[in-house]
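Single-structure report; data block below.
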Amino acid sequence: MLQIPFIRENKDLVLAGLRKRHFADAESTVEQLLSLDQQRRDTQKEQDDKLARQNAIAKEIGQLMKTGQKEAADAAKAETATLKEQSKVLGEQLTGIEQQVQAILVTVPNIPHSSVPEGRSADDNEVVLEWGDKPNLHAGAEPHWELIKRFGPGGSPMIDFDLGNKISGAGFPVYKGRAARLQRALINFFLDKALAAGYVEVQPPIVINEDSGFGTGQLPDKEGQMYYADADKLYLIPTAEVPVTNLYRDVMVAESDLPIKNVAYTPCFRREAGSWGAHVRGLNRLHQFDKVEIVRIEKPENSYTVLEEMSQHVQGLLQVLELPYRVLRLCGGDMGFTSALTYDMEVWSAGQGRWLEVSSVSNFETYQANRLKLRAKLDGSKPTLLHTLNGSALALPRILAAILENNQTAEGTIRIPAVLVPYCGFDVID
RNA sequence: GGAGAGAUGGGUGAGUGGCUGAAACCAGCAGUUUGCUAAACUGCCGUACCCGCAAGGGUACCGCGGGUUCGAAUCCCGCUCUCUCCGCCA
């Protein structure tokens, strides 16, 4: 959430940022916010003055009672009746105005970083770099949704959508045998790499309350994308970003504890309502998937250096997995609501002949921190909002898909990247 | 699920109607002392918002929301959470 004083003092910058995002009615929204803010301050001043007078009278009455001047005290009481009524009305107005401000503010997205390219959709994202050579597959090479029909126990599918459909529904596959072991190997590999890079592993709850959903920006507005356990008012997490970042909600971080580097492996749940159709076959889009997420809490002046560092970490994973990838800088129209700058990493999925997003690395600057009340006293000064960042390192199913597709051989087997062999215990799926 | 107890500042913990934004201690910060460290001593040490060029002033906050009262951390009502015991249980 943007801070009102920031909007007040950087109106043009905010407007330009909102336009870059193609945010509708940027001018009128900002004008309305600033006008409500002025009303709020005027009303508060008026109410504060009434309350100050009431407090003063109350003190006088205390003195009068002590010295036995009953009549004078009663006279003073009479004055407070009007004051009380007035300040009550002002208080109600104030609450109303604050609610209006809040209602508007939660609809305003973060301001994009100056390096964010112009653009409306995913087609306008900027390709920052490409790495690796796309494999030349043999004739008859298959997409992963064909490959996974084999190699399971007793010749069954090693990733079984029908079985998952029986247990839960579409989009909840069952991983069996070597597919399950390969996925577990990837999780351990990703966690180990993060640990080596100095991240502290955490295992958070995978259900969250409403306050947590608000803190990272999923709520209000995106409740339709999360599974919800009505009886307990808990949401299944769409990403570990939510519980891990919320670890630091309402926290005044000691400067000596910065930077905070956390990594968490969790399942993630997405309802993906209305987004099913072409291009979402197999592992490309699921309701439940596994992900290793890195989260950082940083001093403002460091956050963009850290964003690059996180991008390098993710790229390093893809490189040792021998997966061709490209890095995109998302354009204003394609960025997430809360982000100031996002890099997407996409791997080349040779069996499908298309790029698959496997990571999204973002700097939220103070947008989440403001909602979270996540602050530190830097250099002994007043509390300052910190910057939050996170990134997938990495999301599992599409990595799995790319490994299976890119490493299939003419002999009908699948080669396992060398770096994973110690983790999964086999070097080929045959 | 049943019964009981509790929720105060970074921490421990006083405080049952006005002198309490809140004692004391610990931690922290700045000094004095010191060969260094430690100890001791002195001072500072919550957050948000508002007015003001500033100095400074005002308001709110003792889990949350209401109420009583001229005045509430303190009294009343509702809620949430935590802890203890019992039951159930991976």
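Counted by Cβ distance under 10 Å from A:E31, the other residues give a net charge of -1, where Lys and Arg count +1 and Asp and Glu count -1. Bridge orientation summary for the range A:122-429: considering DSSP beta bridges with both residues in this region, about 90 percent are antiparallel.
Global size of the range A:122-429: 19.7, 66 Å for Rg and Dmax (C-alpha atoms, Rg to one decimal, Dmax whole). Accessible area of A:K50 (1.4 Å probe, protein heavy atoms only, ligands and nucleic acids ignored): about 50 Å². Looking at the range A:274-362, the pairs of alpha carbons with a distance over 17 Å make up 58% of the total.
Based on the alpha-carbon set only, what is the convex hull volume of the range A:382-430 divided per residue, in Å³? Can you show the working numbers first?
Values: hull volume 5.2 nm³, N = 49.
Taking only Cα atoms, the range A:382-430 has a hull volume of 106 Å³ per residue.
Residue order by solvent-accessible surface for A:V280, A:V200, A:V128 is A:V200, A:V128, A:V280, largest first, with ligands and nucleic acids left out and a 1.4 Å probe. Both the radius of gyration and Dmax for the range A:271-426 are 18.3, 66 Å, in that order, over alpha-carbon atoms. For the range A:192-241, the convex hull drawn through the C-alpha positions has a volume of 92 cubic angstrom per residue.
Counting every Cα pair in the range A:311-381, what percent are over 20 Å apart? Mind dumping the intermediate values first?
Values: 1146 of 2485 pairs.
The share of Cα pairs beyond 20 Å in the range A:311-381 comes to 46 percent.
For chain A, give the magnitude of the charge dipole about the Cα centre (Cβ charges: +1 Lys/Arg, -1 Asp/Glu; no others), in debye to the nearest 20. Before the final figure, lay out the partial values.
Values: 47 positive and 57 negative charges, 144 e Å.
Dipole about the Cα centre, nearest 20: 700 debye.
Apply the Debye scattering formula to the range A:19-82, with a single equal point scatterer on each alpha-carbon and no solvent, then give log10 I(q)/I(0) at q = 0.15, 0.18, 0.29 Å⁻¹. Taking Cα atoms of the range A:19-82 as identical point scatterers yields -0.62, -0.73, -1.10.
Using the Kirkwood radius built from alpha carbon pairs, what does the Stokes-Einstein equation give as D for the range A:337-430 at 10 °C and 1.306 mPa s, in µm² per second?
Working: Rh = 16.4 Å.
Using the Kirkwood radius from Cα pairs, D works out to 97 µm²/s.
Checking the Cα-Cα distances for A:K233/A:K377; A:K193/A:K382; A:K59/A:K88; A:K291/A:K377; A:K45/A:K299 against a 29 Å cut-off, the pairs over it are A:K233/A:K377; A:K193/A:K382; A:K291/A:K377; A:K45/A:K299.
Accessible surface area normalised per residue over chain A is 46 Å², counting heavy atoms of protein chains with a 1.4 Å rolling probe. Each Cα pair under 8 Å and six or more residues apart adds its sequence gap; the mean of these over the residue count of the range A:109-250 is a relative contact order of 12 percent.
What area, in nm² and to one decimal, does the C-alpha convex hull of the range A:153-278 cast on average over all directions?
Numbers: hull surface 42.3 nm².
For the range A:153-278, averaging the hull's shadow over all directions gives 10.6 nm².
The Cα center of the range A:340-391 and the Cα center of the range A:33-80 differ in position by 47 Å.
Using the scaling law 2.2 N^0.38 Å as the reference, what is the normalised Cα Rg of the range A:119-158?
On the way: Rg = 17.3 Å, N = 40, 2.2 N^0.38 = 8.9 Å.
Dividing the Cα Rg of the range A:119-158 by 2.2 N^0.38 Å gives 1.94.
Solvent-accessible surface (1.4 Å probe) assigned to A:W348 amounts to roughly 40 Å².
Within a Cβ distance under 13 Å of A:K11, other residues only, what is the Lys/Arg minus Asp/Glu net charge?
After counting each charged neighbour, the total is -3.
The values are calculated or read from the model by the stated rules, or taken from the named source; none is laboratory data. From a predicted model like this one, the values you see are computed outputs, not experimental measurements. Heads up, the Cβs are rebuilt from the backbone with ideal geometry, glycines too, and the neighbour counts pull from every protein chain shown. Side chains included, ligands, DNA and RNA excluded: accessible areas come from the protein's heavy atoms. Shrake-Rupley method; radii C 1.70, N 1.55, O 1.52, S 1.80 Å.
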